[in-house]
Each structure stands twice: as C-alpha cells, then as structure tokens.
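What follows is calculated from the coordinates using simple rules that are stated; it is not laboratory data. Nothing here was measured: the structure is a model prediction, and the numbers come from that model. As a convention, Cβ positions derive from the backbone with ideal geometry for all residues, glycine included, and neighbour counts pool all protein chains shown.
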Amino acid sequence: SRRALLGWGGAGLALGAAAAGGAVAAVTGGGDATATAAASGAAVPFHGTHQAGVATAVQDRLHFASFDVKTGDRAELVRLLKDWTRAAERMTAGQAVGEGAYGGLAEAPPDDTGEALGLKPSRLTLTVGFGPSVFDARFGLRERRPAALVELPAFKGDNLDPARSGGDLCVQACADDPQVAVHAIRNLARIGFGKVAVRWSQLGFGKTSSTTPEEQTPRNMMGFKDGTRNISGTDTAALDEHVWVSGKDGPAWLAGGSYLVARRIRMNVETWDRTPLQEQEDIFGRDKGEGAPVGRARERDEPFLPAMLPTAHVRLAHPDSNGGARMLRRGYSFTDGTDGLGRLDAGLFFLAYQRDVAKGFVPVQRSLAASDVLNEYIQHVGSALYAIPPGVRDEDDWWGRALFS
Ligand code: HEM
C-alpha cells in the first residue's frame, strides 16, 4: 500500500538508487543512453543548432550565475563572449582552460584555476542567456531586442529580492559532479574579470525535473516526484512547439533559441513537515509514494482534473487550465544554510524554458499565484528572465554572434 511504499524498506531502496545515480539505472535500465553516459562521466557535445543544457537529459547538479556587464564597450563584450565560448568548448570536453593549471609562465597566474584537473567531463553543459537589460542603450542592441523579452509582470505573493533577481547575462552550468559545474562558472567569471561581475548565483542539487521519462522521476524538497508531466528532451515535436523559438516568432538572431525564466522559490519546509500526508497529497493532486494523479493508480496515468481540489497545484498548472501553456522545467533543489530564525533556507530553484513566456510561464504562474494551495508553504524570492540564443555551430562560431553581427 501507499504507507508501505513510504516505509523504511521502500525509502531505503529509493535512497540507494538515488545515491548510486545513473550507475544503478545503467545496470538495470537495459542500455539507457543517458544513464550510461552519466555513469561514465561522458561529455555532452557543445556545438549544435540549439545550446546544450536545455533539452539535454538533466544532470544532477547546477551552478547558475547571473552577471552584470561592467564594461560599456561593445567590442569588449564581444571579445568576452568569444573567449567564453572557447573556454566552454574546452571545459565541456573535460579539458582545462587555455594552457591549464600548470602550463604557461611561472610568474603569471595559470589560465585554469585547477580544481577540475583529473575530473571527468561529467556531462557538463554551459548555457548562456541575455537579460532584458543588455538591450538598453549601452551596446547598441535596442533594435535587436525581441518583442517577447519584456520584464515579467509582478505576481501576487511575490517577495522578490533585487539582489537575487535580474542580470545582463546568465550562465547555467549543469554537471553530474558539483565541482565540475562550480569550476566552470568560476573560470568564466575569472575570464570576465573587469568586464562582468557576478550579480547573484545559485547552487542546486537533486534535479527537480526530469526530461527523461524512461528514468525514475526525481523528488523535490517536499518529497514529491517532480517532472512527471514535463516535456521530454527527445520529444522534438513538443520542443519545436513549446520550447524553441522559430524563425517566424521573433528576431532572426534568436531562431533556434529559447526563453528562460528563473525563480528562486523558498519553501517553508518546517511547516510542510508538520502537514498531514492527506493534505500534502491534496495540495499537489497526486499521491506521495507513486506520484499518481488523484483517483488514478500509476504515476504516468493521465490526470483527471475534476477529481482534484480546484486549488490543487497540478490542476492549476495543467495545460488544460492555461490555454495549452507548456514549458520545459529544469529546476533544482537548494539548501543555503539557515535563515537565522532556526529554519532551513531551502526550496526550489525553478528554471523553465519556453518559446514564448507570454504563452508559457506567465499564464501558468498567474493561475498558481491566484489560488494554488501550495502558496501557503512557498514564496518566490528571486526572479530573472533571459533570451537564450541558439547553439554555437562550430569552432568559428561564438555565443551571441548573430545578435552582435
Ligand atoms: C507539476 C511541484 C512550482 C509548473 C508539478 C508536480 C509537482 C510540482 C510535485 C507534479 C509532477 C509533475 O508533473 O511534474 C512544484 C513545487 C513548486 C512548483 C514544489 C514550488 C516550490 C511551479 C511553478 C510552475 C510550475 C512556479 C510554473 C509557473 C508546473 C507544471 C506542472 C507541474 C506545468 C505539470 C502540470 C501537468 O501537466 O500535469 N509541480 N511546482 N510549478 N508544475 Fe509545479
């Protein structure tokens, strides 16, 4: 029964599988490509039509950084984007930046900070985005601003901290090894010294959304499976319809790109942990053990919305409640110490990619902000929006080339 699933035996097994990560899945999954790649620490190809790190099977760890551009010189920003691209090509292949951590001149600092030496590529992906503020007067990009790249509206219940919001550029680093992800952001920040400064950054663990339906769905900090009805990274029809910007949508430079919404969502886990199981399940509209929608038996069964509370999270977030709105969720859990009041500063760092925020995040978040019963336990404390340019095609291409050409 459900209780048995949540008992020690079930939980122990689940934890064991999670701890061993892809290795277990690789053994039991019958040659599943993602799991095998994760276990082997493989590299994800950097070049392509789309940037890696969006449809890519979600890695275990995140280091996300939002940067302010400090230089007012367009040529200097372009130079930086080129340097970042070359460094990213190397790091995603498991190589050190430049001459490495002990190449070059003894009297100069090494090109690479060194802490990823000897580590595998760990499926590192680096994904760059441009915030609305980069299209202001500074770099002559006003005409290039996508009409769809408008600041997000204020939502009911928002308690946004400006120090954890916005930014001119972002880099999302995802990898199965946290040291690899942190190393990548650190080295990009180092290369950008004097031209960009980190505005805010976020570490994440325990991916909270799966883009690989064939794998076990991960659980969020509330203990529920998260990502069951996400867009699969191999569903090219859904990706084209809901995630990738097409040549017809907006500026030509963004074709093959996407839009990213980042929200730091604090969870009041202590209150949640005192909430009865039945209430927790009613809030989501799914059961905790299996993840099945109310009245259904299995996780992947179609949700029957009328059986759920009108204020249940899944009912309100479902495409049928929002004019068909869908997005690709790619968030991570975070626990950043305590809040000084004896509570964990924990939650969900929500990341969602979509073709048009006005038809993705905005209508869904409007529904959720208005009546989701989950709101009693969560608060949005950070927010950012970025245009995600298309992929870097080859060694001569660079992040944002079409935007600056
Ligand atoms: C579904 C948790 C915030 C959009 C779900 C599910 C869970 C969950 C457990 C069910 C499993 C699944 O289909 O993935 C949470 C938590 C949140 C949160 C704990 C905040 C801390 C958000 C936000 C959005 C969102 C901010 C977008 C504005 C969705 C969507 C679904 C979903 C689109 C799938 C609905 C469906 O098609 O059935 N969420 N979520 N969630 N959530 Fe959230």
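Assorted remarks:
- Between region 201-276 and region 331-354, the alpha-carbon centres lie 15 Å apart.
- For the chain: rounded, prolate or oblate by the Cα gyration tensor [a/c cutoff 1.5]: prolate
- Evaluated over the chain, the count of Lys pairs having alpha-carbon atoms less than 21 Å apart is 9 (only pairs 8 or more residues apart or interchain).
- Packing-based order for 103-110, 209-216, 44-51, using average beta carbon neighbours within 10 Å, highest first: 209-216, 44-51, 103-110
- Three-way shape label, region 108-203, alpha-carbon gyration tensor, a/c 1.5: prolate
- Put a plus charge on the Cβ of each Lys and Arg, a minus charge on the Cβ of each Asp and Glu, and nothing anywhere else: the dipole of region 198-250 about its Cα centre is then about 320 debye.
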